Every structure is written in structure tokens, then in C-alpha cells.
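Chemist: Structure below; questions to follow.
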Amino acid sequence: MTQAEIKLCSLLLQEHFGEIVEKIGVHLIRTGSQPLRVIAHDTGTSLDQVKKALCVLIQHNLVIYQVHKRGVVEYEAQCSRVLRMLRYPRYIYTAKTLYSDTGELIVEELLLNGKMTMSAVVKKVADRLTETMEDGKTMDYAEVSNTFMRLADTHFVQRCPWVPATENSDPGPLPPAPILVISEKDMYLVPKLSLIGKGKRRRSSDEDATGEPKAKRTKHSTDNKEPIPDDGIYWQANLDRFHQHFRDQAIVSAVANRMDQTSSEIVRTMLRMSEITTPSAAPFTQPLSSNEIFRSLPVGYNISKQVLDQYLTLLADDPLEFVGKSGDSGGGMYVINLHKALGSLATATLESVVQERFGSRCARIFRLVLQKKHLEQKQVEDLAMIPAKEAKDMLYKMLSGNFISLQEIPKTP
């Protein structure tokens, strides 16, 4: 990890969690995995403070732990996860775009608190939304709960791993650290909760409407605690799913720029149909038939089945190969080549950077080298149709900027 990245991680941790957490987090980033007492000794921090800092970091998925064979628990910082904190505003805005203000506040609460139960999130969001409403209006818990279920159905939020319950009454000695597990089918399973109630407004005075003092009211409420219906079932924001959505949006935008709006809408429909069934790292989406795509097009999008088939054929024949044909059943089976699409987008970005820095002629040479992989200087001059002196100067500029590399090949007898 570069010094600039470590400095950025340090600033992010200090801004969000304070100096002690920042000191422990940066120490783990610099040194790798270490046990508790070594961290306390090397940082000169008390054992109690180190424990609290590690609890905060683990709560926000910024540190993981593992038990070694000798029973020693070592803690390791997740640098990439710390840097993702820069994208928190974008995750929250995406949730607002897809699921309105309720979805925005649900994702915001999960990002701010790391892990929360569904009931706690629903009550907190309902209270916050009630405060922004006019007097006399309140937000129902059921409405917030429905939005939470939609976020879970589309995998934007997911369950956290938990400690499995032991069947034996005498399990023996406890392990040095809990082993957390979760199955794929339970990861997005929403517990059945009957959350009845409405959001409440915070009062500015220390007494409520009945005139009861705040201290007395707090004591009274703690005595009559109700059991939490989903105690032990914690949820977190699924950041990989947000990144998958950003990728899909980039692909749709690229198709719209290359062809037209109808083509991009067809690709958007295909991506939406396979967003849950296709893993984020898969090279292709699940095969979709032409009939399925036609039935899943947005309501009011008036194109016939024949026109859809023509568009799909055009997309499959396009040189960029964003869409591929994988079979003929069901009117034709089509997939989206995700790796090919991302490669094309990365190439286009590189070409635009070269053009901005060195001009259109350098971009032409760069594009040639990308296509042919290896070219001699004379071949570059001929294929790009640029005079030898100018071509040599442009190649040197790109070589000095590390955009291209030079490989010397000795002449054989």
C-alpha cells in the first residue's frame, strides 16, 4: 500500500472515529495482522482502549480477526474497505434514487452504525422521517419495513454472519474468538416482524406532554423492557451490490452513446433481470430468452416483438460484443458479456486520457498499439500515416509518461 493511501486511510479514520481508533487502524494497516497485546505495546495504548477501538473497527467491517493454531487471535485491517468510506455519499444517493427518502435513510443508518437489527433501523428511520413531516403527520413503521424488505430482495442490504447456537448443554471450553457463519440462502432472508407503530418526534423540553420528568420516565422505561423480536439478527449494507449497480449503469450509458435509447433500455432490462442471479464477478450474465426480455420491458415501452428481435440482433452483431447470443431456444438466448464490456469501457477511458494529455495524433498511435499489441517504430509511422520525426517525438512523450513500454529485441543471425 502506498504512503498516500495510508495517509488517506488515516484521515478517514480520524474524521469518522477519532484519534485512538485512527492510531490502532493505521498501525494495523502498516504492520499487517497482529495479536491484541502486541498492538497495545507497539502503539503505547492501554489494553482497554485497544479493545474498544477494535470493537469499533470490527463493527464497521474495517478489521477482521482469525484464530491461529496456537489459539492466538490476530487482527488485520481491511484497507480497501477503509477507502470505500469515500463512496458513502454515493451509496446513499443511489439508495435515494432507487427507493426514495426512506431507502436513503435506511442505507445511511446502516453505514453510520456498521451493523443494526431491522427493528432498530425501522424505528430510527421512522422517527427521522416523522421529524421532517408537517405537524400532525407521522411515518408508519410498516411503510419503512416494506422499503427495507425491497432493499433486501434486491440485495442492497444483507444479514451479518452470526455465532451458531450449540445444541449440547455443556459445549466445553469456549473458543478464543467466536466463529461466525452464514449460508447463502439466509443472507437476504428478512425475519417476519409485526412492527406496529408510528414515528415519534423528539421534544425540546426535558418533560413530555404528561409533565413527567425525563429522569423518571427513563427509569420507568428501563424497568419494563420488551424483548427485541429480531435480537441477534444484524444487517449491513452490501457495498459489492452497489458497485455492481454502478457497473450496470456504466454499461447502459455506453450502449446509449453508441447506439440509441431503445438499445440501452433493452440492455438495462437484461441487467435488471439478472442482477440477483448473476454473481458480481461473473464474466457473463445468465442467458435470457427473447420472449423473457419482451415480457420484462418497462410498462408503456411500446416496441413490438419483431422490433425487439431486430435490436437484439444488432446488439449481438456489434463489434464491441456487449451482447452475445448463446442459443436459439425461446426466440434466441442472449447474454451480456460483462468482462468484455468493462474492458471496452476501460480502453475508451485510457484513449480519452491520452487524447487530453498529448492530442489526437498520439491517441491514434496509442489505439494502434492497443490493437496490434506490439509494433516497431517504422510500422507505427506507416499505419498511423504520421511523419517519422513526429511519430518518434510522440512515442517518446507517451513512453516518458509510462503509457507505453519499450521492448528491445536483439537481431538474430
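The values are calculated or read from the model by the stated rules, or taken from the named source; none is laboratory data. Just so you know, these numbers come straight off a predicted model, no measurement behind them. In this analysis, Cβ positions are derived from the backbone assuming ideal geometry, glycine residues included, and neighbour counts consider all displayed protein chains. Heavy atoms of the whole protein, side chains included, go into the accessibility calculation; ligands, DNA and RNA do not. Shrake-Rupley method; radii C 1.70, N 1.55, O 1.52, S 1.80 Å.
Chemist: When the chain is treated as a GNM, springs tying every alpha-carbon pair under 10 Å, which of Leu345, Leu129, Leu399 comes out with the largest mean-square fluctuation?
Modeler: Leu399
Chemist: How large is ³J(HN,Hα) for each residue in segment 303-320, as worked out from phi by the Karplus curve 6.51 cos²θ - 1.76 cosθ + 1.60 (θ = phi - 60°), to whole Hz, x for Gly and Pro?
Modeler: 10, 7, 4, 5, 5, 4, 4, 5, 5, 5, 5, 4, 5, 5, 8, 5, x, 5
Chemist: Working from the alpha-carbon coordinates of segment 3-77, get Rg over Rh, Rh being the Kirkwood radius.
Modeler: 0.95
Chemist: If you don't mind, there's one more thing I want to ask. Mean separation of Cα pairs under 8 Å and 6+ residues apart, divided by the residue count of the chain: what relative contact order is that in percent?
Modeler: 10
Chemist: Running a GNM on the chain with Cα contacts under 10 Å, which residue among Lys137, Lys397, Lys373 ends up with the highest mean-square fluctuation?
Modeler: Lys373
Chemist: With each pseudo-label sitting 7 Å past Cα toward Cβ, what's the Ala256-His68 distance in nm, one decimal?
Modeler: 5.3
Chemist: Please calculate how many Å² of accessible area the chain carries per residue, with a 1.4 Å probe and no DNA, RNA or ligand atoms counted.
Modeler: The answer is 61 Å² per residue.
Chemist: Karplus couplings for segment 107-123 from phi (6.51 cos²θ - 1.76 cosθ + 1.60, θ = phi - 60°), rounded to Hz, Gly and Pro as x?
Modeler: Here the 3J(HN,Hα) series is 5, 4, 5, 5, 6, 6, 9, x, 9, 8, 6, 5, 4, 5, 5, 4, 5 Hz.
Chemist: Treating only the Cβ atoms of Lys and Arg (+1) and Asp and Glu (-1) as charged, compute the dipole magnitude of segment 10-64 about its Cα centre; round to the nearest 20 debye.
Modeler: Roughly 180 debye for segment 10-64.
Chemist: Using θ = phi - 60° and the Karplus form 6.51 cos²θ - 1.76 cosθ + 1.60, what ³J(HN,Hα) does each residue of segment 36-53 get, whole Hz, x for Gly and Pro?
Modeler: Each residue's phi maps through the Karplus curve to give 4, 5, 5, 4, 4, 5, 5, 8, x, 10, 5, 4, 5, 5, 5, 4, 5, 5 Hz.
Chemist: Can you give the Rg to Rh ratio of the chain, both from alpha-carbon atoms, with Rh computed by the Kirkwood formula?
Modeler: Ratio of gyration radius to Kirkwood radius: 1.06.
Chemist: Then there's this: For the chain, what does the helix formula give at 222 nm: sum of -39500 (n - 2.57) over DSSP H segments with n ≥ 4, over the residue count, nearest 500 deg cm²/dmol?
Modeler: So the calculated ellipticity at 222 nm is -17500 deg cm²/dmol.
Chemist: Can you pull the three principal axis extents for the Cα set of segment 262-381, in Å, largest first?
Modeler: Ordered largest first, segment 262-381 gives principal extents of 53, 28, 24 Å.
Chemist: Let me spell out the model: positive unit charges on the Cβ of Lys and Arg, negative unit charges on the Cβ of Asp and Glu, origin at the Cα centre of the chain. What dipole size does that give, in debye rounded to 20?
Modeler: Its charge dipole is roughly 720 debye.
Chemist: Farthest toward the dipole's positive end in segment 275-394, which of Val380, Val307, Ser280, given Cβ charges of +1 (Lys, Arg) and -1 (Asp, Glu) about the Cα centre?
Modeler: Val380
Chemist: Would you mind calculating the gained length between Asn291 and Ala346 on full extension (0.36 nm times residue separation, minus the Cα-Cα distance), in nm to one decimal?
Modeler: This chain segment gains 16.6 nm when fully extended.
Chemist: Name the long-range amide H neighbours of Val63: under 5 Å, sequence gap of 5 or more, or other chain; modelled H, no Pro or chain starts.
Modeler: Ile58, Gln78
Chemist: Continuing with the same structure: With r defined as the distance between the Cβ atoms of Lys52 and Asp317 and R0 fixed at 51 Å, what FRET efficiency is calculated, to the nearest 0.05?
Modeler: Efficiency, from the Cβ-Cβ distance: 0.25.
Chemist: Have a look at Ala341, Leu370, Gly232 and report the one farthest towards the positive end of the charge dipole of the chain, computed about the Cα centre with Cβ charges (Lys/Arg +1, Asp/Glu -1).
Modeler: Leu370
Chemist: Obtain the nm distance between the two label points defined at Asp42 and Gln371 by a simple spin-label model: each point lies 7 Å from its Cα along the Cα-to-C-beta direction.
Modeler: 5.2
Chemist: Same structure again: What distance in nm separates the simple spin-label points at Gln379 and Lys185, each placed 7 Å from Cα in the Cβ direction?
Modeler: Inter-label distance under the simple model: 5.6 nm.
Chemist: Take the chain, connect every pair of alpha-carbon atoms lying under 10 Å apart with a spring to form a Gaussian network, then pick out the residue of Gln244, Gln377, Gln306 with the largest mean-square fluctuation.
Modeler: Maximum among the listed residues: Gln377.
Chemist: Continuing with the same structure: If you average the sequence gap of Cα pairs under 8 Å that are 6 or more apart and divide by the length of segment 240-339, what percent do you get for the contact order?
Modeler: Reported as a whole number, the value is 27 percent.
Chemist: Among Arg241, Arg84, what's the order by accessible area (1.4 angstrom probe), most exposed first?
Modeler: Ranked list, largest accessible area first: Arg84, Arg241.
Chemist: Report, to the nearest whole %, how much of the accessible area of the chain belongs to carbon and sulfur atoms, 1.4 Å probe, protein only.
Modeler: Heavy-atom surface of the chain belonging to carbon and sulfur, 1.4 Å probe: 53 percent.
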